Structures are given as C-alpha cells and as structure tokens.
Amino acid sequence: MILFLLATFGAADFLSASVIKPIVKRVRPCNEITLQGEVMNRIRCGSGYSFPSSHASNHFAMALFLIMVYKKRWKHIVWLGFLWAFSISFAQIYVGVHYPLDVLGGALFGSLIGYLFASVFLRIQPENEKSLAH
C-alpha cells in the first residue's frame, strides 16, 4: 500500500509539474507584471509555471487514494482527507503563488490520479479492502 501511495504521489507530481505546466505555461500571479501591487507575496514566488498547482495535485491524489482504501474501515477519512487536501490547496492561493483555477485544476487532476491508482491497488489487493473493512 505504501508503494502505491508513493507511486500516486510521484505520478501526480511528475505529470502536473513536468508535463502539464510546460504545455500550459501559465505565469504565477506573484510573477504577473499586471498584478504587481495587487498580489501580496507571503513567500518567495518561484520561477515555475502556475497551472496546475502541483501541491493541489499531489495532496488530492494522496487524499483520494487513502479515502478509497480506508473508507470502509474508518468513516472519518473522507472529511479528514478532503480537509487536509483543501487546506494545502487553499494555502497556495493565500500565499499568492496560484490562481484559484490552478488549484481547482490541480485538485481535479490529482483526484483522478488518486482514483486510478486506488482502483488498480484494490484490484490487485482485493483482500486488502475486505480486511480493512473489519
């Protein structure tokens, strides 16, 4: 399960940062010249692109993976997982390094990755889902 969780994180991070961002090439709000003075930089901005938010992709991917694997055993995992991923994602907007649509795109993309990896994991390890339910 740990290997699948790490693979989920790795796939979400690699695809969002190294594949999608270079294609979209959206400038971060903290680097956007027309927004200078409008965006409060609370952290160092960075030089990378903005869409999608890799933080949102990574955390939503891991959260959805864990939700799908543990939801039958631990009912609180659903709201805790989404609260955790949402908090990390909202922070990216708050500190001025992402637009809301960057985070939304990252959350949707990461959720898809988490769903796919959890589905494969539960197919390979169906007894895991049954044993976790007890």
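The values are calculated or read from the model by the stated rules, or taken from the named source; none is laboratory data. Please read these numbers as outputs of a predicted model, since none were measured by experiment. Please note: Cβ atoms are built from the backbone with ideal geometry, for glycine as well, and neighbour counts cover all protein chains shown. Note: accessible area is taken over every heavy atom of the protein model, side chains too, but ligands, DNA and RNA are not part of it. Shrake-Rupley method; radii C 1.70, N 1.55, O 1.52, S 1.80 Å.
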Region 114-134, subset over 14 Å from K72 (Cβ atoms) and of a type in the set (A, V, I, L, M), residue modelled with the highest pLDDT: L116
Failed item in (1) touching a residue at least 40 places away in the same chain (Cβ under 8 Å); (2) open to solvent by less than 90 Å² (accessible area, probe 1.4 Å), with Y94 passing the rest: (2)
Pair list, Cβ < 6 Å and 6+ apart or interchain, from region 69-88 residues that are within 12 Å of G110 (Cβ to Cβ) to residues that are surrounded by 14 or more Cβ atoms within 10 Å (Cβ to Cβ) and among the β-branched types (V, I, T): G81/I67
Search result, residues across region 48-74 that are small (G, A, S) and open to solvent by less than 30 Å² (accessible area, probe 1.4 Å): S50, S53, S54, A56, S57, A61, A63
Members of region 99-119 that are open to solvent by 10 Å² or more (accessible area, probe 1.4 Å) and more than 20 Å from G10 (Cβ to Cβ): Y99, P100, L101, V103, L104
Test set (1) modelled with pLDDT of 95 or more; (2) crowded, with 19+ Cβ neighbours inside 10 Å; (3) of a type outside the set (S, T, N, Q) - A11 fails condition number: (2)
